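K.L.:
Before I ask anything, here is the structure I am working with.
All of the numbers you see were taken from the coordinates with simple rules; none came from a lab. Just so it is clear, the model here is predicted, and its values are computed rather than measured. Here the Cβ positions follow ideal geometry from the backbone for every residue, glycine too, while neighbour counts run over all protein chains shown.
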């Protein structure tokens, strides 16, 4: 029996929104040096609404599944709503993750916030993203 939910396995086997995006409005790039997972998340924004999201992830099945899920969750949301998507919400949407893999959902949250932060920087506007949320410390969100 797998330690992963059916939803995690579904997103791992058939991830949604995979690939690079041509001229993204924001790009998030995060990695965890301990486990070696690397995520890149791309967003398109129109009138403060995230109209599209894609990702490229190098990592374990849980890293791929959380990347896939966060891109599904963020589409159609405005920036404020997107910033409220937590690692816990990503893990819950996947039907839970083993404790040893919860850092993957933290990376997914950080990649999204990093992409939003990048979007604001490209616009020349102050970012609503808290710089503390972009630090690579998996213990800050437990």
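K.L.:
Run the numbers on the stretch 1-101 and let me know its relative contact order in percent, using alpha-carbon pairs under 8 Å that are six or more apart. Please report the intermediate quantities before stating the final value.
P.N.:
Values: 165 pairs, mean separation 31.0, N = 101.
About 31 percent, as a whole number.
K.L.:
Then there is this: Can you tell me the Rg and Dmax of the chain, counting just the alpha carbons, in angstroms?
P.N.:
Looking at the chain, its Cα Rg and Dmax stand at 13.9, 50 Å.
K.L.:
A further question on this structure: Quick check: Cα centre of the stretch 69-142 to Cα centre of the stretch 1-35, how many Å?
P.N.:
If we compute the Cα centre of each part, the gap is 12 Å.
K.L.:
Could you check what % of the DSSP bridge pairs in the chain are antiparallel, to the nearest 5?
P.N.:
95 percent
K.L.:
Grab the beta carbon distance between residue 7 and residue 123, set R0 = 35 Å, and tell me the FRET efficiency rounded to 0.05. Before the final figure, lay out the partial values.
P.N.:
Working: r = 34 Å, r/R0 = 0.99.
That gives a FRET efficiency of 0.50.
K.L.:
Okay, moving on. For n ≥ 4 DSSP H runs only, could you compute -39500 (n - 2.57) per run for the chain, divide by its residues and tell me the 222 nm figure to the nearest 500?
P.N.:
-12000 deg cm²/dmol
K.L.:
Something else now. Counting other C-beta atoms within 10 Å, which of 4, 119 has the fewest, and how do the rest follow? Walk me through the numbers before you get to the answer.
P.N.:
Working: 4 20, 119 23.
Ranked by crowding around the Cβ, least crowded first: 4, 119.
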